[in-house]
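Just below is one structure, and these are the notes that go with it.
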Amino acid sequence: MKASRAADPMSLAVLTAASLAVLCAVPAQYLGRQQDDLLYIISSQALAAGGYRLFTTPGQPPIDMITPGLPLLLLPATWLSGGAVWAYQAFAALLLAGVPWLIWIWLRRRADETTALLIAALFATSPLVLSQAGTVMSEGAYTLCAVLLMLTLESKDGGGKAGLLLLTLTQLRPAALSLVPAALLRPLLRRQWSALAWTTLPAIIGGFLWTAWSWAVSGRIQELAELRLSYQDSSWLHPLFVAKANLLYYAAALGGCFLPPGFPPALKAALGLALFAVAAAGCAKLLRKDRSEPAVWLLAGGAAMHGLWAWQYERYLIPLLAWLLWSAAAALGRRAKPVLGLLLAAQLVFHSWRFIAGPNDLQRVELAQTYAWLREHSGPADILASPLFIRDGYHAARLSVPLPDDPSPEGLLKTLKARRVSKILWQDGLEVGLSDGQDAGLQRLLERAGALLRSERFKLVYENPEERSRVYEPR
């Protein structure tokens, strides 16, 4: 590890430009496009009011699908702005804009200044990152805390701080369980039992409390329920199909950052697979120097988790991106700087400017006309049902409930009437990020619901072919 050195003006200028690139892309997406962004805001407002319930749904069911880490982190925005949307977006943007600086601080301890700056700039100007600028999602805060964890694990007395960071990370995203090898392997191999305990216990206690609360209020653990839904009624080979689909998806997402948008997906995937292979070689090289290298195990844990998790989103690569580039640089050696520079140039030319310079398609509310119709043809007391009920309820300005799962039109109608639903919104081609597409359990349930709505038990009252949306009423 290299000694800390003072930053020169050029480094500060590059890092400032990197942060400004993130801030100029805000807001990269319309609020609610990912549904969870609204759910984080609702959860924070619920906490500020002294509860943890979904107040946008009749009956105010408990929020058991979102761990409280990010809602707690958003409380200053909730308190200081009175719940104004811009405050949440600004808070999320500032967190994400600070990540390149932390990446640079971590990298310059083990790489030359140019390599550290190139990786920090590649991270900040990546379309994966810029497409999430100002979105109220957990990836920005998670990545920031993950870099802080890597920095803390290198200090001699970092056990307590590492424990608090691991607690924070696991409450931000349950995906942080993939960080356990990175956090624990070094003290375990060195038999540093006190550091091991201080690092482990806070996350264990936090996880136990969240699990106990979730089970008490809903009788389930959301992530386990999703995992079961992903793999139920599947063959024992199904995890392999999911892993293959995820590998190709994330390879295309990474490779596509450095190729023109119109390039065939197969070429994007090929470039991404090549970058993955170089990064894997770099990880092997780094492990030969230090078999407990935390950042390598961060990558290994993340790769294993996202290989088997049956949901896939490009944003899942954000917390892994800097480490992928760093391990690839380790494999490339003296060729790292020209390769990283070429990747940065390609990324800036083909993608980054689209987010920095002006509006993009992700900022357009995709069902704007449908929402306007719903507001005009329903009253404040009417209840809306849909698959993405939080997003749709927010933009339609109506209380909302999830579209229930029932195998028959009669059962579906009965449940909707019991919940006093007056409108049902359906969107064709709904993107829910499933790894195995049409074969996924959730996808089959969605298709069945769409077919049931076309039965005589439901009346079609609005259709918008341009937005691929339909609105039904129970008969």
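Between a first residue in the stretch 456-473 that is over 20 Å from Lys414 (Cβ atoms) and a second residue that is hydrophobic (A, V, I, L, M, F, W, C) and open to solvent by 50 Å² or more (accessible area, probe 1.4 Å), which pairs have beta carbons less than 7 Å apart while being 6 or more apart in sequence or on different chains?
Filtered contacts from the stretch 456-473: Arg470/Leu460.
Can you pull out the residues in the stretch 369-379 that are open to solvent by 10 Å² or more (accessible area, probe 1.4 Å) and either closer than 18 Å to Leu39 by Cα or within 32 Å of the chain's Cα centre (by Cα) (or both)?
Passing the criteria: Gln369, Ala372, Trp373, Arg375.
So which residues in the stretch 384-399 are more than 19 Å from Leu452 (Cα to Cα) and not basic (Lys, Arg), if there are any at all?
Ile390, Asp392, Gly393, Tyr394, His395, Ala396, Ala397, Leu399
In the stretch 172-186, which residues are open to solvent by 10 Å² or more (accessible area, probe 1.4 Å), in a helix (DSSP H, G or I) and either polar (S, T, N, Q) or touching a Gly at 6+ places or on another chain (Cβ under 9 Å) (or both)?
Once the filter is applied, which keeps residues that are open to solvent by 10 Å² or more (accessible area, probe 1.4 Å), in a helix (DSSP H, G or I) and either polar (S, T, N, Q) or touching a Gly at 6+ places or on another chain (Cβ under 9 Å) (or both), the stretch 172-186 yields Pro174, Ala175, Leu177, Ser178, Val180, Pro181.
Filter the stretch 1-40 down to the residues that are open to solvent by 10 Å² or more (accessible area, probe 1.4 Å) and of a type in the set (Val, Ile, Thr), then identify the one that is nearest to the chain's Cα centre (by Cα).
Looking at the filtered set, the residue picked out is Val26.
Is there a residue being in contact (Cβ under 8 Å) with a residue 24 or more places away in the chain, surrounded by fewer than 19 Cβ atoms within 10 Å (Cβ to Cβ) and farther than 30 Å from Gly160 by Cβ anywhere in the stretch 209-219?
Yes - at least one qualifying residue is present in the stretch 209-219.
Of the numbered conditions (1) part of a helix (DSSP H, G or I); (2) open to solvent by 80 Å² or more (accessible area, probe 1.4 Å); (3) charged (D, E, K, R), Arg191 satisfies every one except a single condition; which is it?
In the conditions (1) part of a helix (DSSP H, G or I); (2) open to solvent by 80 Å² or more (accessible area, probe 1.4 Å); (3) charged (D, E, K, R), Arg191 misses (1) alone.
Matching residues to (1) within 22 Å of the chain's Cα centre (by Cα); (2) assigned to a helix (DSSP H, G or I); (3) hydrophobic (A, V, I, L, M, F, W, C):
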| position | (1), (2), (3) |
| --- | --- |
| Arg228 | yes, yes, no |
| Ser234 | no, no, no |
| Leu240 | no, yes, yes |
| Ala245 | yes, yes, yes |
| Gly255 | yes, yes, no |
| Lys268 | yes, yes, no |
| Leu273 | yes, yes, yes |
| Val278 | no, yes, yes |
| Ala284 | no, yes, yes |
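Of all residues in the stretch 142-171, which are buried (at least 23 other Cβ atoms within 10 Å of the Cβ), over 17 Å from Trp104 (Cβ atoms) and hydrophobic (A, V, I, L, M, F, W, C)?
Leu153, Ala162, Leu165, Leu166, Leu169
What number of residues in the stretch 388-408 are part of a strand (DSSP E or B) and either of a type outside the set (A, V, I, L, M) or free of Cβ contacts under 8 Å to residues at least 60 places away in the same chain (or both)?
2
Looking at the stretch 310-331, can you tell me whether even one residue there is of a type in the set (Lys, Arg), within 30 Å of Leu151 (Cα to Cα) and in contact (Cβ under 8 Å) with a residue 40 or more places away in the chain?
yes
Collect the residues in the stretch 105-116 that are open to solvent by 20 Å² or more (accessible area, probe 1.4 Å), under 17 Å from Leu340 (Cβ atoms), assigned to a helix (DSSP H, G or I) and not hydroxyl-bearing (Ser, Thr, Tyr), keeping them in residue-number order.
Of everything in the stretch 105-116, just one residue is open to solvent by 20 Å² or more (accessible area, probe 1.4 Å), under 17 Å from Leu340 (Cβ atoms), assigned to a helix (DSSP H, G or I) and not hydroxyl-bearing (Ser, Thr, Tyr), namely Glu113.
When residues of the stretch 298-344 are filtered for being open to solvent by less than 50 Å² (accessible area, probe 1.4 Å) and farther than 25 Å from Glu431 by Cβ, how many remain?
20
Looking at Leu240, Leu267, Leu247, which one is closer than 15 Å to His306 by Cβ, open to solvent by 30 Å² or more (accessible area, probe 1.4 Å) and free of Cβ contacts under 8 Å to residues at least 60 places away in the same chain?
When all the criteria are applied, what remains is Leu240.
Would you check which residues across the stretch 390-422 are closer than 14 Å to Leu446 by Cα and either buried (at least 23 other Cβ atoms within 10 Å of the Cβ) or of a type in the set (Val, Ile, Thr) (or both) and list them?
Leu403, Leu412
Sort through Val129, Val136 and tell me the only one that's outside any helix (DSSP H, G or I) and touching a residue at least 24 places away in the same chain (Cβ under 8 Å).
Criteria check complete, one pass: Val136.
The values are calculated or read from the model by the stated rules, or taken from the named source; none is laboratory data. Just so it is clear, the model here is predicted, and its values are computed rather than measured. All Cβ positions, even for glycine, are placed from backbone atoms using ideal geometry, and neighbour counts span all protein chains on display. Keep in mind that these areas ignore ligands, DNA and RNA; they rest on the heavy atoms of the full protein, side chains included. Shrake-Rupley method; radii C 1.70, N 1.55, O 1.52, S 1.80 Å.
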